[in-house]
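Presented below is the structure to which this report refers.
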Amino acid sequence: MKTHIKELRARYDLTQEDLAKKIGVRRETILFIEKGNYNPSLKLAHDIAKALQTTIDDLFIFEDE
Amino acid sequence: MKGKKEIIVATIVVALVLLTLFFYLMGTGKIELNQIGLVGIALVLVGLAMYIIWDKIRNVQKGLPGKDERTISISYKAGYYGFIAAIWSAVFTPLFFDVSSEYELKGGDVAAIVVLVSAFVFVVSYLYLYWKGK
């Protein structure tokens, strides 16, 4: 699974740490989601999408799409 | 606050383990080779536990949580591996000593080995999953 988190973070001038603080997770969790090494729960995916003012559909790219 | 409490409890546990090891070594007098191995594994475990605690402290100091859904999921997976290791080590440790040497293990020895093996597998798989990401 790939994501647009990095691009959206850059758009809102947020570091991984800023985003992590905003949604209450560790910085490494954001790093691993960005790298596609960790699949977040639906709630975390929703929180990230909300923090980046987008939708889950626009945030994550599933391999079969 | 919850993260801080966990850090304090974990630090106390590590300190108690170190204190127990210290008293054990003081009381033993002459240390045998197999005891060096067991104490060595315990010290490695303490070192790895201290690394995990330090990592949590670093996050809490930055205003980030000490644990989140990823670390909780990693703990569950590592706990599962540790549990499996405990079962298999309880089965194979007496068997291994029976076949490979004349030395017959006492119940206490087997219990100590099972605890050390499962703790070792837990900590190693926790750190592996932590660095791998899932």
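Side notes on the structure shown:
- Of all residues making up region A:24-34, the number that are more than 7 Å from every other protein chain (Cβ to nearest Cβ) and surrounded by fewer than 20 Cβ atoms within 10 Å (Cβ to Cβ): 2
- Of everything listed in (1) within 14 Å of the chain's Cα centre (by Cα); (2) within 26 Å of B:Thr93 (Cα to Cα); (3) free of Cβ contacts under 8 Å to residues at least 60 places away in the same chain, the single unmet condition for B:Lys30 is (1).
- Among all positions in region A:48-64, there is at least one residue which is hydrophobic (A, V, I, L, M, F, W, C), within 9 Å of the chain's Cα centre (by Cα) and within 14 Å of another protein chain (Cβ to nearest Cβ).
- Residue in region B:58-97 that is nearest to A:Glu17 (Cα to Cα), counting only those that are exposed (fewer than 15 other Cβ atoms within 10 Å of the Cβ) and of a type in the set (A, V, I, L, M): B:Ile72
- Residue that is nearest to B:Phe97 (Cα to Cα) [pool: residues in region B:1-60 that are touching a helix residue (DSSP H, G or I) at 6+ places or on another chain (Cβ under 9 Å) and of a type in the set (Phe, Trp, Tyr)]: B:Tyr24
- Filtered residues of region B:1-57 (kept if exposed (fewer than 13 other Cβ atoms within 10 Å of the Cβ) and among the basic types (Lys, Arg)): B:Lys2, B:Lys4, B:Lys5, B:Lys30
- Each residue in region B:77-97 was checked for being more than 28 Å from B:Tyr51 (Cα to Cα) and either hydroxyl-bearing (Ser, Thr, Tyr) or assigned to a loop (DSSP other than H, G, I, E, B) (or both), and 1 of them qualify.
- Pairs linking a residue in region B:114-134 that is not assigned by TED's automatic domain parsing to the domain that holds B:Tyr76 to a residue that is part of a helix (DSSP H, G or I) and buried (at least 17 other Cβ atoms within 10 Å of the Cβ), with Cβ atoms under 9 Å and 6 or more positions apart or on different chains, do not occur.
- Filtered by the rule that a residue be within 13 Å of chain A (Cβ to nearest Cβ) and more than 23 Å from B:Val121 (Cβ to Cβ), region B:30-65 gives B:Ile57, B:Arg58, B:Asn59, B:Val60, B:Gln61, B:Lys62, B:Gly63, B:Leu64, B:Pro65.
- Counted residues, region B:1-21 - those being over 14 Å from the mean Cα position of the chain (by Cα) and within 19 Å of B:Ile113 (Cα to Cα): 1
- Against the numbered list (1) more than 14 Å from chain A (Cβ to nearest Cβ); (2) at pLDDT 90 or above, B:Thr71 comes up short only at (1).
- Region A:10-23: number of residues that are more than 10 Å from chain B (Cβ to nearest Cβ), basic (Lys, Arg) and out of contact with any helix residue (DSSP H, G or I) (no Cβ under 6 Å at 6 or more places or on another chain): 1
- Selection of region B:98-134 for residues being assigned to a helix (DSSP H, G or I), at pLDDT below 85 and within 14 Å of chain A (Cβ to nearest Cβ) yields only B:Lys132.
The values are calculated or read from the model by the stated rules, or taken from the named source; none is laboratory data. Computed from a predicted structure; not experimentally measured. Note: ideal-geometry Cβ built from the backbone for every residue, glycine included; neighbour counts use all protein chains shown.
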